[in-house]
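Peer 1: Just passing along the structure, written as structure tokens.
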Amino acid sequence: MISSEKYYLQDSLELAQSLIGKYLVREINNQRICGKIVETEAYLGINDKASHTHNGKKTKRTKILYKKGGLVYVYTIYGIYHCFNIVANRASIPQAVFIRALEPVEGQGIMENNRKSKIRKTEELTNGPAKLCQALKLNKTLYGLDLKQGKILYLEEGEKIDNIVKSPRINVDYAEEDKNKPWRFYEAGNPYVSRS
DNA sequence: ACATGGATGCTT
DNA sequence: AGCATCCATGTC
């Protein structure tokens, strides 16, 4: 279990790359669901036009981003889906790492039950940000949870990934000059990386 | 290529 | 209050 506070106080750009290969573990009813993080995006905060905290915007939804790294930021998108982020950096620097895809490691059967639509290929379990939220039951009840506490939801050391690809982030067309910044990271060739 | 869906934040 | 927007997905 990764419980080091310092780890989460990194800048979101560094944390996003460091998270590739780590295991995200969810415990429900004493059962473990575990996925390897294979795709992330960094959101840099005040000076990032794609960030929910651009220009220091602070609302009920985003206020957790102003706290110290290691907390959970979950929000609803399109009214239907959830997106899971990990707060990065020190308090008052509102950065996050968006988790876009996992490779299933443990509990694939539970993941399949948790997914709402029929799964035809195992890649469809967790190859997108809202899909992995369904598979691991990540929802707003987890908003603000401290991953360092190691309860319900936490990180484990996982695998060392040598081949990390950088690319522009997905679906941030509104972000003007920041939309093409190479702040998306994924493991080269991993079949669970989301379709772009 | 397109319909879906409602919370969120911004404006009145 | 009303309204445009949105860090997707599934099916077309």
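Peer 1: Tell me the strands (runs of 3 or more DSSP E) entirely within the stretch A:3-90 that contain at least 1 residues that are at pLDDT below 95 and either within 14 Å of DNA strand C (Cβ to nearest atom) or within 26 Å of A:Asn180 (Cα to Cα) (or both). Spell out the reasoning first.
Peer 2: Working: elements: A:23-28, A:31-43, A:72-77, A:81-88.
So the answer is none; nothing clears 1.
Peer 1: Okay, next question. Does A:His82 satisfy the criteria of being open to solvent by 40 Å² or more (accessible area, probe 1.4 Å) and without any contact (Cβ under 8 Å) to a residue 40 or more places away in the chain?
Peer 2: Details: open to solvent by 40 Å² or more (accessible area, probe 1.4 Å): yes; without any contact (Cβ under 8 Å) to a residue 40 or more places away in the chain: no.
Against the criterion (open to solvent by 40 Å² or more (accessible area, probe 1.4 Å) and without any contact (Cβ under 8 Å) to a residue 40 or more places away in the chain), A:His82 does not qualify.
Peer 1: Here's something else I'd like to know. Considering each of A:Gln17, A:Gln10 in turn, give the residue that is within 17 Å of the chain's Cα centre (by Cα) and under 20 Å from A:Ile170 (Cα atoms).
Peer 2: It is A:Gln17.
Peer 1: Can you name the number of the only condition in (1) open to solvent by 10 Å² or more (accessible area, probe 1.4 Å); (2) in contact with an Asp or Glu (Cβ under 9 Å, 6 or more places away or on another chain); (3) more than 13 Å from DNA strand C (Cβ to nearest atom) that A:Asn113 fails?
Peer 2: Single failed check for A:Asn113: (2).
Peer 1: Something else now. Return the total of residues in the stretch A:119-144 being open to solvent by 40 Å² or more (accessible area, probe 1.4 Å), out of contact with any helix residue (DSSP H, G or I) (no Cβ under 9 Å at 6 or more places or on another chain) and either part of a loop (DSSP other than H, G, I, E, B) or in contact (Cβ under 8 Å) with a residue 60 or more places away in the chain (or both). Talk me through it step by step, then tell me what you get.
Peer 2: We begin by selecting, within the stretch A:119-144, every residue open to solvent by 40 Å² or more (accessible area, probe 1.4 Å); these are A:120-124, A:131, A:137, A:139-141, A:143.
Now drop any that are not out of contact with any helix residue (DSSP H, G or I) (no Cβ under 9 Å at 6 or more places or on another chain), which leaves A:120-121, A:123, A:140-141.
Within this subset, residues satisfying the condition of being either part of a loop (DSSP other than H, G, I, E, B) or in contact (Cβ under 8 Å) with a residue 60 or more places away in the chain (or both) are A:120-121, A:123, A:140.
So the count comes out to 4.
Peer 1: Within the stretch A:53-68, count every residue that is open to solvent by 40 Å² or more (accessible area, probe 1.4 Å) and over 14 Å from A:Ala88 (Cβ atoms). I'd like the intermediate steps shown before the answer.
Peer 2: As a first pass, look at the stretch A:53-68 and keep what is open to solvent by 40 Å² or more (accessible area, probe 1.4 Å): A:54-55, A:57-61, A:63, A:67-68.
Those left that are additionally over 14 Å from A:Ala88 (Cβ atoms): A:54-55, A:57-61, A:63.
Qualifying residue count for the region: 8.
Peer 1: Right, something else. I'd like to check something: does the stretch A:33-51 contain any residue that is free of Cβ contacts under 8 Å to residues at least 60 places away in the same chain, touching a Leu at 6+ places or on another chain (Cβ under 7 Å) and either among the small types (Gly, Ala, Ser) or surrounded by fewer than 18 Cβ atoms within 10 Å (Cβ to Cβ) (or both)?
Peer 2: yes
Peer 1: Any chance the stretch A:101-108 includes a residue that's assigned to a strand (DSSP E or B) and open to solvent by less than 10 Å² (accessible area, probe 1.4 Å)? Before you say what the answer is, go through the steps one by one.
Peer 2: Taking the stretch A:101-108 first, the residues assigned to a strand (DSSP E or B) are A:101-106.
From the residues that got through so far, the ones that are open to solvent by less than 10 Å² (accessible area, probe 1.4 Å) too are A:101-102.
Within the stretch A:101-108, one or more residues are assigned to a strand (DSSP E or B) and open to solvent by less than 10 Å² (accessible area, probe 1.4 Å).
Peer 1: Scan the stretch A:100-121 residue by residue and report those that are polar (S, T, N, Q) and at pLDDT below 95.
Peer 2: Listed by number, the list holds a single entry, A:Ser117.
Peer 1: State whether the residues of the stretch A:160-182 include one that is closer than 26 Å to A:Ile64 by Cα, assigned to a loop (DSSP other than H, G, I, E, B), open to solvent by 80 Å² or more (accessible area, probe 1.4 Å) and away from DNA strand C (no atom under 14 Å from the Cβ).
Peer 2: For the stretch A:160-182, residues closer than 26 Å to A:Ile64 by Cα, assigned to a loop (DSSP other than H, G, I, E, B), open to solvent by 80 Å² or more (accessible area, probe 1.4 Å) and away from DNA strand C (no atom under 14 Å from the Cβ): absent.
The values are calculated or read from the model by the stated rules, or taken from the named source; none is laboratory data. Keep in mind that what you see is a predicted model, and the values were worked out from it rather than measured. No Cβ is skipped: glycine too gets one built from the backbone with ideal geometry, and neighbour counts run over all protein chains shown. Calculation scope for accessible area: heavy atoms of the full protein, side chains included, ligands and nucleic acids excluded. Shrake-Rupley method; radii C 1.70, N 1.55, O 1.52, S 1.80 Å.
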